[in-house]
Each structure stands twice: as structure tokens, then as C-alpha cells.
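Accompanying notes for the structure given below.
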Amino acid sequence: MRKLPWLFLFFSTVQITSLYSQKSTIYTYSLKEFDKALSLYEDKQYASAQIIFKNVKDAATTEGLQSDCAYYIANCAIRTDQENAEELINRFVEEYPSSRKQNQAYIDVAYYYFDHKEYKEALQWFNKVDESVLKNSDRDKYNFEKGYCYFDSKKTKEAKNYFSKVANSNQYGTQSKYYMGFMAYESDDYAEANKQFDQVATNEKYSEKLSYYKSDMSFKSGDFQKAIDLGIKAMPNSTPEEKSELNKIIGESYFNLKQYDKAIPYLVGYKGKKGKWNNTDFYQLGYAYYVQKDYENAISQFNKIIDGNDFVAQNAYYHLGESYLKSGKKQQALNAFKNASEMNFNLKLQEDASFNYAKLSYEIGNSYQSVPEILLGFINKYPANPNNGTIEKLLIDSYISSKNYKEALVLLDKNKTPENRAAYQKVVFYRGLELYNEGNYSESLLMFEKAIKEPKDAVVTARASFWKAESEFNLEDYKEALSDYQQFANLAKAKETPEFKNINYNIAYANFKLKEYDAAGNSFQSQIDNNKTDKVRLNDSYLRLADCRFVTAKYQPALDAYIKVIESKSVDGDYAYFQKALCYGFLSKNSKKIEEMNSFLSLYPKSDFQDDALFELGNTYVAENKTDLAIKTYDKIVTGFKNSSYTSRAILRQGLIYYNSDKDDLAIAKFKKVASEFPKTPEAYEAVSTARIIYVDNGKVDEYASWVRTLDFVAVTDLELDNDTFEAAEKQLGQGNNKQAISGYSGYISKFPNGVNALKANFQLAQLYYSEGSESKSVPNYEYVVSQPRCEYTEQSLVRLAQIFLKETNCDKANPILVRIEKEADFPQNKTFAQANLMKCYYETKDYANAVVYADRVLNNPKTEENVKSDAQIIVARSAMQSGDEAKARTAYAKLLSVSKGELAAEALYYDAYFKNKDGKFELSNTAIQKLAKNYSSYRYFGAKGLVLMAKNYYGLKDSYQATYVLDNVIENFSNYSDVVEEAKTELNRIKAEEAKTNSSITK
């Protein structure tokens, strides 16, 4: 081996030494600064340390130093929460993969996050650590903290794995066993939980907590006394949340031990999960109160259980029903028992609840379904129930007391047992009365006939006979009605009926309609003699007695009866006074007649008989040769009553007076006025005929001919044929040959559309069509009559047209006819008819303002019948509601409530409840609704609306169970009434949303 020269070695050494000396100086400086930064880092002055580490890293010439600096720079960033901290750590790992500090970097970051209780972030870094290179000094801490991070993340399997690794550690063993015990407790592994907890029981730090868990585990294991003892022990040192849970554990333990008085204060102390109780919580406290006979508090808990559908709910609702019963709240009890009866978790409880539901339905009524149906349903479902004898007795009576006759009939028709026959007779009778009050006389007649054919009760048979006659009377079958009235009067039990006291009155009217005036008068006299207490019928009987005597020319008895009517100050006093004056005329006392007619005109200036009186007065002046007074009197009709049927006659009479006084020019002027203004009327033809005599007598035939040609209703050449054709039709009518008469009148109108008898022919033809049932065919003929000037047929034709159009529910056509009737009618009853139907038509067409106007007219008319006044009140009430005038509606419904029957009564009762609810009088509102359910259950629409209102009342009374249960039943049982169901759904959603704030069992 060749050796280098010594000198070369020397120089080399010098050079290397020189180079080494230069590098060592820099390195020494860096290490000094590095140590300084490390010292700052260890003093937790991370920001300052990070700056120096960065400077050292920038100056460092070795990868090791750069790596260490990068590690500490990233670590300082973590500890000062810098945004790029993770990026620095990841860059460190990426740039220095062989660094001995890489694993430590992960550990340090994980520890840092753990110390700051950011366990999720810590776990991310723990998972990056290579556990195989961990130092023994780090291993216990690493295992415990990583286990806790898994515990915090609810990953119990992984947590248990790491905790078990340090279970024997002096530092971490106790904590690990506690957490393993807690996880076992959470997963209901009480044996494992107790095993772990027992190992840390002596540790003061955990012993307080363990009492809580052990209490809960004892409860869940069924050792209730131990749960109580441990719970009471744990209570003083527990957090508020734990105290709430301990109250629940202790309270429920006492509950399970049947020590309900001790359970109550603890159950009350429970605050719920996140501030909410569930249905079981409410049930337990409610039942504890129930056992203590504290029914009000029991109700306050049971009724918070909403939408329950399990064993607990069925028990709760059953005991809620019993609590309501004990508190005298039968309607609420009915709902609770119904709910319990619809669940089959406990069949014995279900049967008992069904019995209570059926019995209460009978006692207070039921809006959900008919009471007979409920009672029959119980008997059929529980044929062996020992209470069936009681239920069967209630069933028979319920057909009557529920007043749900329509549905009761359906059920009775399906159960035609001998013991039900008496009930059947009563039900068909009362159903007949319902139909009669609704104006359905054909159907009511059938019901009364069925009641008569089932003669189980003689009193019911008698009453059915009477109302059969009433139905026939309203169907205008007066002959049959008279026969049945008389048959009723002869029945042995008739005198025991409320109808008997007025039977003479009914017989009288049947005879009156048959124009048997002597018999009618005698019966009216019998009514007067036998019933002085009924003032309305008494006054009317005097009036009709007078009419009967008047028609049969018995004027003095008629006069005496009319005077009785006047003295009674009856609403018909004006008519009676007018008739009294007429009687004096027929008694040949014209002076007295004139005096009385003038008195009438003064006493009754607004009477509908003013034009009648003026016409009669004018006629009497003529008879007494006081023609000037007659002319003036007729003028009052012409100027003051232009639409009166007497106007054309008054002008004609004036013409005749002038004719008889040889004042031909004045007479001709009057006759021409009649012919011009009232063409085709009988007065027009008489005027033309009399004028012809004057013209002929004065030799002015040509002038007469010229005038007649201007009249389209006079055809002199066809007059004989005209009269012959008309008389042929009249003859067929007189002989009762209606079909031939129809053919004759039709032929006449076809041949002589403007003939002398065209007006009467059209009227007679219309009447025949109407009587034959061809009402639509009669319309053109009636319309022809009413299109002509006012005559004796006008009013009757207007009424018939109105009746036809109203039957067709064609208010557009009916209204103008009704308006004419109101303005032109001579008969007060026709004016009343017009007002009543205008009221109804305006309401049907939603013209509420006019509906109220006419309703007020009807109500203010003293001659309006009570049933029509009821209609008027309902129109006022409904229109006011539609218009938003609830104050007026309230008054109208209150008046209606005292006079109405049937469906109108149901509606009035509903609104009575409605306004009480508005006033916050929830209990009184519910009382009205219960009355509606009891007495008017057949009117299901108002029953359904009443239930929604009842639900609102219950919620106002803080009874959320009743409110929601009622609404659920409305939605389920009344789908036919979509408006009611929608209202119920809206209200139910509102209540549930509110209750869900405190009850976790409610699903919205």
C-alpha cells in the first residue's frame, strides 16, 4: 500500500479541520437556539417557541434538525389553534417519513385534543398511531384515552376493548371499570354492570354516582324496595337531571308495590325526558290519584293521554271514565268508556267499558250513533253478559227517549219480535209527527196508518187517528179528513189525548173546506162552548162561525159573532168589522151599513179591506140613490187602489150611474176607460155592451162600429160562435167531465185566442191542468191570465204560478210573481204567502239583505202562522251569520229556540251552544250540546257540528283527551259532512301541536 506523503496529509488535515470548525460553529448556534425554543415549548409559550423553531429550521443543515423543528412547529400550531395546524402535521409526516417523532406527533396531537375534550378529533389522531411502537410509559394513558374517545362516540365494543387493557392499571383501572360498568348498565347487562361497579364502590369519587345506577338497575330487575332505598340515598348528591330520574324510579317502585300514596310526590317530581312525559307517566300518576279517590287530579293526568292505543291506554281510559262518573261528568265518561271499549288488549275491561258506554248513551244521548243501535250492539256482542236484562229494558225505552225515530224504525224493522210491537207503534207514530212537522204529509200519513194497524196502545192509536186526519186535511182530502176526525172523536181513549180538546175545531174546518157551512158553524159553536182557554182558536172560531152564518144568510147570528171577534181585539178585527157592516146591509139597514163602513175606513186605514169597503160603500150609496157620494167613493178606489180588482168595477159602476142618469157622454167616457185599461175582462165586455146601447139609442151606430174596431178583443161577427164554443166547454166542466172540458177549452183558445171568453177559458183550462197534476201544462194559461189587466182570476193565477215555480225550486221565475202577489193580493193570507216565500227564495239565492227584509215583514205581520214565523227567525239568523252580524244572529236564534221543533230546534240549540262557547262559558255550552245529542240525535249534521264545538269547549276546560277523542270520532263517523270533518281536522292538528310540547307520546 502506497503511503501518502506526510506533508500532503498535513495539509489535508488542516483543510478538513478548518472546514469542520466552520460547520461546527453553525451547528452549535442552531442547537443553542433549538434548545431555547424547546425550553419555551415546555413552558407552553408556543407562539414564541414556534418562531424560533422556524428560524432554526430555516438555518438547519441536517435533516434530523429540520425534522425535529417541523415537528415542533406543527405541534405549536395545534396548541395555538392555528388554522393550518393539521396541514403542518400532515406536511411533517409527508416530508419526514422516517422521522422518529412521526408516531409521537400523532400521539401528542391526540392527547392535546383529548385534554380539550374534543374527543372526536382526538380519536381521528389516535387511529393514526402505530400502537406497536408505543413506549410502555405511554401505553396505559393511550389505551385509556382512546377507550374514552370510543365511549364518547357510543362505540361500546371498541371502548370496552381499550378499557379492559387498563383495568388493572393503578392510574386508570378504577375509571375504566366505572365506564365498563356504565356501558353494561346502558345495555341492560346488569350482572356485568354490578360486577364492574362493585370493584369501584369503595372509591369516594364514584360511590355517589353508583347509588343512582344501582337504584335504577334494582328497579329494572324488579327489586323495587332496594331501588327505593338506593334512590333515596342517591338523591342528595345527584344533579337536577338525575334527581328527576330518581323521582321516577322511586315513584314507579312505590307504584309497583301498590303504595300509591307514597308514589304520588315522587311521580310528581319527575320532569320527563327533555321536559316531556309519555302516556305511561301520565297513567301511573293518574292511577295513583284514582286509588286515593282524588278523582279530579286523576282526571287531570288521564286526560293528557292522547292517541293512546295499547294496554296502558285502555286501562287509563277505563279509569278515566270511572273518574268522570265519580265526578258527575257523564258526557266525558261516555267518551272515555267508548274509547276503552274500542280496544281489545284486556277483553274483560273492554266488555265492562262497553256496558258503561251503552248505559250512559241511554241516559244522556249519543251524537255518534243511535242509542238503540248501541244497545242492540252490546246485546249481540255480549249475549252472556249478566246485565243484558237491564239493557233490553233500556232498548225499548230508548226508541222513544232518543227521538231518533228514523233510525229506530230501521232497527225495529230488523227485530220484529212480539215484545217490540208496542215500541214499534210508538216509534212509527212519533216518526209520523216528525214528518208532519217537516211538511211531508204524504209520508206522515203512511206512518200514522202503520201506527193504527199496530193497536198495542189505545191512546197511541187514538192520537194516530187524529194526525192521520190532519195529514189528509193538509193534502186537501177534506172528505177523508172529516171522516177520520169524527172516528177519532168517537174512540174511547180520545178524551185522554191532548188533541181531543180541539177536535170540534178540526171537524169544523173540514166541513168548512167542504162548504158544509151549517155543520161547520155548529162545530165552531161547540169549540167555543167547550174551550174558552185557547184564545187564538176561540177568536178564530167566532170568526169562522160568523162566516158560516153569513154564507147561509143567517145574518143576525153572523153579526153577533163578528162583534165578538171585534171585542176580542183579534188580528182579524178589520175583517170582522167589514163583515159586520155587510150584515147590516143584508138586514136591510143600509143607513147603519153606511155608518159602519165609514167607521171601518176611519178605524182601519191600513187594512187590506179598504178597497172592499169603499166598493161596498159606493154600491150602498147607489142603492140609497146617493149617486154623488157613490161617484166620489168609487173615485177613491180608482185613485188610491190602481191595482185593486175593484178598480175596473168601480169605473164601470160610475159609467152605469151616468148611464142611468142620462149623462151619456160621461157614461161613454167611463165605459171606454174600462175597455181601454182593462181589456178582455168581464167589466170590459159589459162596458162595450152598455156603450153599444147608448150609441144605438143615440143613432151613432157608425161611431160605435169605429170604436169597436179599435178593440182587439171584440169581434162582433164571431160573437155567437165564440159563446157557443165556450159554453160547450163550460157544460162539460159542470158535468165533471174534466178531459172533455180540457179539450173544449183548448179548442176554444185555439179558435178564439182573443175571444170574448178568452180570459176565463185560459183560467179554467189552467185550473183543470193543475188539478189533474199536469202543473207544467197549466203555466202558459196562468201566465196569459196574469198578463192581462187585473180581474177576478188574477190573484188565484198568480198564487198558482208561484206554487208551481216554488215546487220546481225556480226562484228566478217565482220571485217576480211573488212580488206581484204581495203588492196586488186582496186576501191577507196570499200576501203572507208571498212574503214568506220571497224570504226563502232570497235566502236560497244568497241575497241575504233582502232575505232579512222579508223575514222582518213576516215577523211583523200579526196574521203570520207560528210555523212561518219560525222559518222567518231561521232566515234572519242564518242570513245574519252569513253576513257576519253575529249579534243579530244571536238574538234570532235565541227567539227561535223557544218556538221551534225538529231540525230547526236542533240548529237553534247548536247556536245556543256556539254563542256560549264564544262567551267562554264552556260548561254551559256543553250542556246545550248534550241536550242536542239527547233530544235531536237524528239531525246528524248539527250533532256533528255540536261535537266539534264540544271538543273546543273541552280544550278550553284543559281536557285535551276529551277534545282530541271527540274530534277523532267526528273525523271517523261523519265523512258525509266534509265541512265539519275539515274543521275537526284543523282543530285536532292545532291541539296536537300544542300538546306535543309536553307529551312525547303524541305523534302529530
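The values are calculated or read from the model by the stated rules, or taken from the named source; none is laboratory data. What you see is a predicted model; the values in this text were computed from it and never measured. Glycine also receives a Cβ, built like all others from the backbone with ideal geometry; neighbour counts cover every protein chain displayed.
Looking at this structure, is Glu596 over 26 Å from Thr794 (Cβ atoms), acidic (Asp, Glu) and surrounded by fewer than 20 Cβ atoms within 10 Å (Cβ to Cβ)? Spell out the reasoning first.
On the way: over 26 Å from Thr794 (Cβ atoms): yes; acidic (Asp, Glu): yes; surrounded by fewer than 20 Cβ atoms within 10 Å (Cβ to Cβ): no.
Taking the combined requirement at face value, the residue does not satisfy it.
Of all residues being assigned to a helix (DSSP H, G or I) and among the polar types (S, T, N, Q) in the stretch 690-706, which is surrounded by the fewest Cβ atoms within 10 Å (Cβ to Cβ)? Just the residue, please.
Restricting to residues being assigned to a helix (DSSP H, G or I) and among the polar types (S, T, N, Q), the top hit is Ser706.
Mind checking whether some residue in the stretch 435-444 is among the small types (Gly, Ala, Ser) and more than 36 Å from the chain's Cα centre (by Cα)? Write out each step before concluding.
Step one: list which residues in the stretch 435-444 are among the small types (Gly, Ala, Ser), which gives 439, 442, 444.
Next cut, more than 36 Å from the chain's Cα centre (by Cα) only: none.
No, the conditions are met nowhere in the stretch 435-444.
Can you pull out every residue in the stretch 96-121 that is touching an Asp or Glu at 6+ places or on another chain (Cβ under 6 Å) and closer than 17 Å to Ala70 by Cβ?
Of all residues in the stretch 96-121, those touching an Asp or Glu at 6+ places or on another chain (Cβ under 6 Å) come to 103, 113-114, 119.
Passing the criteria: only Asn103.
How many residues, within the stretch 437-460, are hydroxyl-bearing (Ser, Thr, Tyr) and surrounded by fewer than 21 Cβ atoms within 10 Å (Cβ to Cβ)? Walk me through how you get there before you give the answer.
Quick first cut of the stretch 437-460, residues hydroxyl-bearing (Ser, Thr, Tyr) only: 441-442, 444.
From what's left, surrounded by fewer than 21 Cβ atoms within 10 Å (Cβ to Cβ): 441-442.
Summing the residues that are hydroxyl-bearing (Ser, Thr, Tyr) and surrounded by fewer than 21 Cβ atoms within 10 Å (Cβ to Cβ) in the stretch 437-460 gives 2.
Looking at Lys663 and the list (1) surrounded by fewer than 19 Cβ atoms within 10 Å (Cβ to Cβ); (2) in contact (Cβ under 8 Å) with a residue 12 or more places away in the chain, which single condition is not satisfied?
(2)
Could you tell me how many of the residues in the stretch 343-393 are hydrophobic (A, V, I, L, M, F, W, C), closer than 14 Å to Ala333 by Cβ and in contact with a helix residue (DSSP H, G or I) (Cβ under 6 Å, 6 or more places away or on another chain)? Give the steps one after another, and end with the answer.
If we filter the stretch 343-393 for residues that are hydrophobic (A, V, I, L, M, F, W, C), which is where we start, we get 343, 345, 347, 349, 353, 355, 358, 360, 364, 371, 374-376, 378-379, 384, 391.
The next check asks that each one be closer than 14 Å to Ala333 by Cβ; those that pass are 353, 355, 358, 360, 364.
Keeping just the survivors that are in contact with a helix residue (DSSP H, G or I) (Cβ under 6 Å, 6 or more places away or on another chain) gives 353, 358, 360, 364.
Total satisfying the criteria: 4.
Given (1) assigned to a helix (DSSP H, G or I); (2) at pLDDT 85 or above, where does Lys44 come up short, assuming only one miss?
All conditions are met except number (1).
For Tyr621, work out the one condition from (1) more than 30 Å from Glu865 (Cβ to Cβ); (2) surrounded by fewer than 21 Cβ atoms within 10 Å (Cβ to Cβ); (3) not acidic (Asp, Glu) it doesn't fulfil.
Exception for Tyr621: condition (2).
Going by the conditions given, is Ala510 more than 50 Å from the chain's Cα centre (by Cα) and at pLDDT 90 or above? Before the answer, list the steps.
Values: more than 50 Å from the chain's Cα centre (by Cα): no; at pLDDT 90 or above: yes.
Judged against the criteria, Ala510 is not a match.
From (1) closer than 22 Å to Phe763 by Cα; (2) at pLDDT 90 or above; (3) buried (at least 20 other Cβ atoms within 10 Å of the Cβ); (4) in contact with a Ser or Thr (Cβ under 9 Å, 6 or more places away or on another chain), pick out the condition that doesn't hold for Tyr646.
It fails just one condition, (4).
Give the residues of the stretch 499-529 that are aliphatic (A, V, I, L, M) and part of a helix (DSSP H, G or I), sorted by residue number.
From the stretch 499-529, those aliphatic (A, V, I, L, M) are 503, 507-508, 510, 514, 519-520, 528; that's our starting set.
Once the filter is applied, which keeps residues that are aliphatic (A, V, I, L, M) and part of a helix (DSSP H, G or I), the stretch 499-529 yields Ile503, Ile507, Ala508, Ala510, Ala519, Ala520, Ile528.
Does Tyr172 satisfy being crowded, with 17+ Cβ neighbours inside 10 Å and more than 18 Å from Tyr113 (Cα to Cα)? Explain how you work it out, then say what you get.
On the way: crowded, with 17+ Cβ neighbours inside 10 Å: yes; more than 18 Å from Tyr113 (Cα to Cα): yes.
Yes.
Being surrounded by fewer than 19 Cβ atoms within 10 Å (Cβ to Cβ) and more than 19 Å from Ser960 (Cα to Cα) narrows it down to one of Gly222, Gly231, Gly275, so name that one. Lay out the reasoning, then the answer.
Values: Gly231 fails: surrounded by fewer than 19 Cβ atoms within 10 Å (Cβ to Cβ); Gly275 fails: more than 19 Å from Ser960 (Cα to Cα).
Unique residue meeting the criteria: Gly222.
Any idea which residue in the stretch 744-758 is modelled with the lowest pLDDT, counting only those that are among the hydroxyl-bearing types (Ser, Thr, Tyr) and surrounded by 15 or more Cβ atoms within 10 Å (Cβ to Cβ)?
Here is the first cut: in the stretch 744-758, the residues among the hydroxyl-bearing types (Ser, Thr, Tyr) are 745-746, 748, 750.
Filter once more, so that each one left must be surrounded by 15 or more Cβ atoms within 10 Å (Cβ to Cβ): 745-746, 748.
Working: Tyr745: 89, Ser746: 90, Tyr748: 86.
Filtering the stretch 744-758 for residues that are among the hydroxyl-bearing types (Ser, Thr, Tyr) and surrounded by 15 or more Cβ atoms within 10 Å (Cβ to Cβ), the one modelled with the lowest pLDDT comes out as Tyr748.
Does Tyr555 qualify as being buried (at least 17 other Cβ atoms within 10 Å of the Cβ), in contact (Cβ under 8 Å) with a residue 12 or more places away in the chain and over 51 Å from the mean Cα position of the chain (by Cα)? Break it down stepwise before answering.
On the way: buried (at least 17 other Cβ atoms within 10 Å of the Cβ): yes; in contact (Cβ under 8 Å) with a residue 12 or more places away in the chain: yes; over 51 Å from the mean Cα position of the chain (by Cα): yes.
For Tyr555, the condition - buried (at least 17 other Cβ atoms within 10 Å of the Cβ), in contact (Cβ under 8 Å) with a residue 12 or more places away in the chain and over 51 Å from the mean Cα position of the chain (by Cα) - is met.
For (1) surrounded by fewer than 16 Cβ atoms within 10 Å (Cβ to Cβ); (2) of a type outside the set (A, V, I, L, M, F, W, C); (3) under 23 Å from Ala872 (Cα atoms); (4) out of contact with any Asp or Glu (no Cβ under 9 Å at 6 or more places or on another chain), each residue gets a yes or a no:
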{"site": "Gln788", "(1), (2), (3), (4)": "no, yes, no, yes"}
{"site": "Leu798", "(1), (2), (3), (4)": "no, no, yes, no"}
{"site": "Ala802", "(1), (2), (3), (4)": "no, no, yes, yes"}
{"site": "Glu808", "(1), (2), (3), (4)": "yes, yes, yes, no"}
{"site": "Val819", "(1), (2), (3), (4)": "yes, no, yes, yes"}
{"site": "Phe827", "(1), (2), (3), (4)": "yes, no, yes, no"}
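Go through the stretch 736-766 and give me each residue that's without any contact (Cβ under 8 Å) to a residue 12 or more places away in the chain, of a type outside the set (Ser, Thr, Tyr) and at negative phi.
Once the filter is applied, which keeps residues that are without any contact (Cβ under 8 Å) to a residue 12 or more places away in the chain, of a type outside the set (Ser, Thr, Tyr) and at negative phi, the stretch 736-766 yields Asn737, Lys739, Gln740, Pro753.
Tell me, yes or no, whether the stretch 989-1000 has at least one residue that is more than 26 Å from Tyr270 (Cα to Cα) and assigned to a helix (DSSP H, G or I). Even if it seems obvious, please write down each step before you answer.
Of the residues in the stretch 989-1000, the ones more than 26 Å from Tyr270 (Cα to Cα) are 989-990.
Subset that is assigned to a helix (DSSP H, G or I): 989-990.
Yes.
Just one of Tyr295, Tyr287 is under 16 Å from Gln962 (Cβ atoms), of a type in the set (Ser, Thr, Tyr) and modelled with pLDDT of 90 or more; which is it? Can you show your working first?
Values: Tyr287 fails: under 16 Å from Gln962 (Cβ atoms).
Criteria check complete, one pass: Tyr295.
Can you list residue pairs whose Cβ atoms sit under 6 Å apart, with the first residue in the stretch 158-174 being part of a loop (DSSP other than H, G, I, E, B) and the second being small (Gly, Ala, Ser)? Count only pairs 6 or more apart in sequence or on different chains.
Note: pairs meeting the criteria are Val166/Ser176; Ala167/Gly173; Ala167/Ser176.
Kindly indicate whether Thr964 is touching a strand residue (DSSP E or B) at 6+ places or on another chain (Cβ under 7 Å) and either touching a residue at least 60 places away in the same chain (Cβ under 8 Å) or within 25 Å of Tyr430 (Cβ to Cβ) (or both). Outline the logic, then answer.
Numbers: touching a strand residue (DSSP E or B) at 6+ places or on another chain (Cβ under 7 Å): no; either touching a residue at least 60 places away in the same chain (Cβ under 8 Å) or within 25 Å of Tyr430 (Cβ to Cβ) (or both): yes.
Criteria not met by Thr964.
I need a count of the residues in the stretch 539-562 that are in contact with a helix residue (DSSP H, G or I) (Cβ under 6 Å, 6 or more places away or on another chain) and either on the phi > 0 side of the Ramachandran plot or not in a helix (DSSP H, G or I) (or both).
Final tally of qualifying residues: 1.
If we scan the stretch 339-360, do we find a residue that is at pLDDT below 90 and of a type in the set (Lys, Arg)? Spell out how you get there, then give the answer.
Start the filter on the stretch 339-360 by keeping residues that are at pLDDT below 90, which leaves none.
No, the stretch 339-360 has no match at all.
Restricting the search to the stretch 470-486, which residues are assigned to a helix (DSSP H, G or I) and within 38 Å of the chain's Cα centre (by Cα)?
Filtering the stretch 470-486 for residues assigned to a helix (DSSP H, G or I) gives 470-474, 478-486.
Answer for the stretch 470-486, where residues must be assigned to a helix (DSSP H, G or I) and within 38 Å of the chain's Cα centre (by Cα): Glu470, Ser471, Glu472, Phe473, Asn474.
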